[in-house]
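Below is one structure, written out as structure tokens, with a few remarks after it.
Rule-based calculations on the coordinates, nothing more; no lab input. If you're wondering where the values come from, they're calculated on a predicted model, not measured in any experiment. Glycine also receives a Cβ, built like all others from the backbone with ideal geometry; neighbour counts cover every protein chain displayed.
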Amino acid sequence: MVCKAIVEPENEVIYAAYSLIRENLRTERAGQALSLVRYATGQDNLDEGRYRPVL
Amino acid sequence: MHLYFDESGDFGFTADRFDAYVQAALISPGSFVEKISHYVHNAKRELGVEELHAAELPDEKLIEICRFLDGGPLSLVAQVTDTHVMTDAQITEHRQEQAELLERNIEKYKQSGGQWEGAVVWYTRHIKRAALASRINNSEYVQADLFVNLIHAALFKSIVRYTDDAWRDDLADFHFVLDGKLPGKLAAGEKELNVLLVPRLGSNDYELVVPTNWSAEPVHPFVAKFGTDGDKLSLNRISSTGCGSRSHTRTLAFSSSTSSRTWSARRSSNPRMR
């Protein structure tokens, strides 16, 4: 479900489903809904456009 | 408290297209588990499927499932990585760095007079684990490695989300459930997770916090069960008990080694990830 919301950002039905759980995914009120993880040697910056709707 | 873990995607870090890989946890008070089972049973029967896999369900059905998830006393945690921020080559590079770090650590241990053979055996095993893709491939390595982060996040959220006294009894027991990759035996990554989990969670990178008033009389069941002398948390006491009906379900064993951590007023971040 979460993966679909990231991979299919234009899918409105998936976005509506994800919106129902986004607040629940946050641990802190002002925190992000998803933790983005990579090794410190990671390469590119995150695709902010892709992740902005799901964080 | 029941913590269910699963992942989405193969963590193959393919170079020819964008892909995202998600690991997620569903946290449920024990008192709500039966309602989850009932909901899942009915949904599977209605859809005529063996398991509820989001990738294989109609999008509209996901709205209904998410409504259920949001309607009860459930909590969710998820983490994601993708092919933009991590490549297969970088995972290999990271593993080499980890192997070198472990080599340096065991040398320091020996130079400082350390003589416990168990330490040498442990280091040797994990140096090989980190360095040799033949022991565990990059996909399984990174999944096991990142899972530790998720399990800590789920434990942390289990505490902070259910601080109300109404959940006291639910925090007396913890059940960790993973969907196993292979029937009847542990996959390579699962074996490593089983061995590494407690030492990793007990390291400086991970801390847990509980409200200070949980130690006051009447002592909170969580503190009574998992606390030790000197305000320490014993991960060994967070027992693992199987639950669920999925055919390849795994339960995590927190009893493979001794590890404890001082409870802290803050949560540290893992410097190896960001």
**Message:** Cut-off is 10 Å between beta-carbons; in what order do B:Thr212, B:Thr81, B:Thr92 appear when sorted fewest neighbours first?
**Reply:** B:Thr212, B:Thr92, B:Thr81
**Prompt:** How long is the gain from B:Arg17 to B:Thr124 if the chain were fully straight, where each residue apart is worth 0.36 nm and the alpha carbon distance is subtracted?
**Reply:** 34.9 nm
**Complete:** In whole angstrom, the spacing between the Cα centers of segment B:30-81 and segment A:1-44 equals 17 Å
**Item:** Amide N of segment B:68-83 lying under 20 Å from the label point, which is placed 7 angstrom from the Cα of B:Glu34 along Cα→Cβ
**Value:** B:69, B:71-75
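Can you give the FRET efficiency to the nearest 0.05 for B:Asp10 and A:Asp47, using r as the Cβ-Cβ distance and R₀ = 25 Å? Provide the component values of the computation, followed by the final result.
Values: r = 20 Å, r/R0 = 0.80.
The calculated FRET efficiency here is 0.80.
Under the rule a/c < 1.5 gives rounded, and otherwise a/b versus b/c splits prolate from oblate, where does segment A:2-54 land using the Cα gyration tensor? Don't jump to the answer; show the numbers that get you there.
Numbers: a/c = 2.54, a/b = 1.31, b/c = 1.95.
Oblate, because a/c is 1.5 or more while a/b does not exceed b/c.
Strictly over 22 Å apart at the Cα level, which of A:Lys4/B:Lys61; A:Lys4/B:Lys44; B:Lys108/B:Lys128; B:Lys110/B:Lys191; B:Lys128/B:Lys191; B:Lys35/B:Lys191 would you flag in this model?
Working: A:Lys4/B:Lys61 13 Å; A:Lys4/B:Lys44 20 Å; B:Lys108/B:Lys128 18 Å; B:Lys110/B:Lys191 27 Å; B:Lys128/B:Lys191 14 Å; B:Lys35/B:Lys191 31 Å.
Beyond 22 Å: B:Lys110/B:Lys191; B:Lys35/B:Lys191.
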**Hits among lysines - C-alpha to C-alpha of B:Lys225 under 24 Å, sequence gap 8 or more where chains match** = B:Lys157
**Asked** So for A:Leu34, A:Leu46, fewest C-beta neighbours within 10 Å to most, what's the order?
**Response** A:Leu46, A:Leu34
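When B:His126, B:His220 are ordered from fewest to most other Cβ atoms inside 10 Å of their Cβ, what list results? Mind dumping the intermediate values first?
Working: B:His126 19, B:His220 22.
Ranking B:His126, B:His220 by Cβ neighbours within 10 Å, fewest first, gives B:His126, B:His220.
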